[in-house]
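One structure below.
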Amino acid sequence: MTEGTKNASVESESTPPATVSTTDATKTAETPSVTDSTKDIDSTTPKPVVKTPPTRPIYHGNFNIWWGLGTLLGLTFCSPRQLPRAYRLYGRVFMIHLIPSMAVMYCTVWNFFHTPSHGEIYRRVHRFVGKVAYIGTWISSLVGLYVTWVHMYNPTRVGFNIGITYSGILAMCSSALGYYYIRAHNIPKHILDMHFLFFCSCLVPASMRLPTLIGFTENPRYWKGYSWLIPLALGAASLNAMQRKSWI
């Protein structure tokens with residue numbers, strides 16, 4: 001064998017041919033990628049269907065007798081017929097406090113009676129009404145504090161002013177905590193704070209004037225110190241009835 005032939009033979013042995021076998025090519029073509037297989041699984045897997053609760057009739061709400069008594073007291077005190085008289089007696093600044101307070105009263109009454117579990121339309125209305133009540137609570141409470149201690153301050157009514165101030169501060173705290181808990185999806189604590197907002201805040205001014213609402217010429221002297229016990233008892237009984245899903 002010549003020297004040229006030896007060199008050619010060495011080069012051919014050291015450089016393997018760049019060929020792919022038919023079997024390897026077939027495997028590569030037939031084997032799907034992980035991404036493609038995942039897409040196929042996602043496209044064929046049925047998605048869970050979220051069932052919305054059936055919509056209740058408007059009269060079928062969360063009624064209990066304690067909520068009914070509180071509503072009767074609140075709506076009697078916050079009757080729209082009192083607006084002209086209140087404007088004549090107390091002026092425009094007081095009306096900025098009174099009108100949002102009445103709106104909060106109506107909103108809380110509705111949102112207690114119908115909650116999001118009663119149907120999709122009630123869920124949407126509940127959220128909108130809750131936002132209106134949240135804004136109205138802060139406006140009425142802050143303006144109410146200004147009216148009580150500055151605009152219409154009377155040194156002979158300090159006890160009454162303290163009771164009203166307690167009502168306003170509790171309203172703001174309950175509203176803020178209720179908003180926080182509903183954002184955190186803590187429904188039981190949200191319901192508890194809304195009970196405080198309605199019964200222990202909205203109904204306190206009405207309870208303080210209850211004797212005159214039922215026909216007395218003026219409130220008894222001792223009444224201002226104990227009037228808050230009535231809405232507190234109504235709120236505790238209503239919360240217990242709602243948790244038991246009972247009307248009493």
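The values are calculated or read from the model by the stated rules, or taken from the named source; none is laboratory data. This structure is a prediction, so every number in the text was calculated from the model and none was measured. Please note: Cβ atoms are built from the backbone with ideal geometry, for glycine as well, and neighbour counts cover all protein chains shown. Side chains included, ligands, DNA and RNA excluded: accessible areas come from the protein's heavy atoms. Shrake-Rupley method; radii C 1.70, N 1.55, O 1.52, S 1.80 Å.
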Exercise. Å³ per residue of the Cα convex hull, for the range 178-248?
Worked result: 88 Å³
Exercise. Rg(Cα) of the range 44-186 divided by 2.2 N^0.38 Å?
Worked result: 1.30
Problem set entry | Burial ranking of peptide ranges 105-112, 147-154, 210-217 (average Cβ count within 10 Å, highest at the top) | 105-112, 147-154, 210-217
Exercise. Hey, what D do you get for the range 89-166 in µm²/s if you plug the Kirkwood alpha-carbon radius into Stokes-Einstein at 37 °C and 0.692 mPa s?
Worked result: 237 µm²/s
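Would you mind working out the accessible area per residue for the range 146-209, using a 1.4 Å probe, and quoting it in Å²?
51 Å²
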Seminar exercise, completed: For 224-233, 119-128, 77-86, ranked highest to lowest by mean beta-carbon neighbours within 10 Å, the order is 224-233, 119-128, 77-86
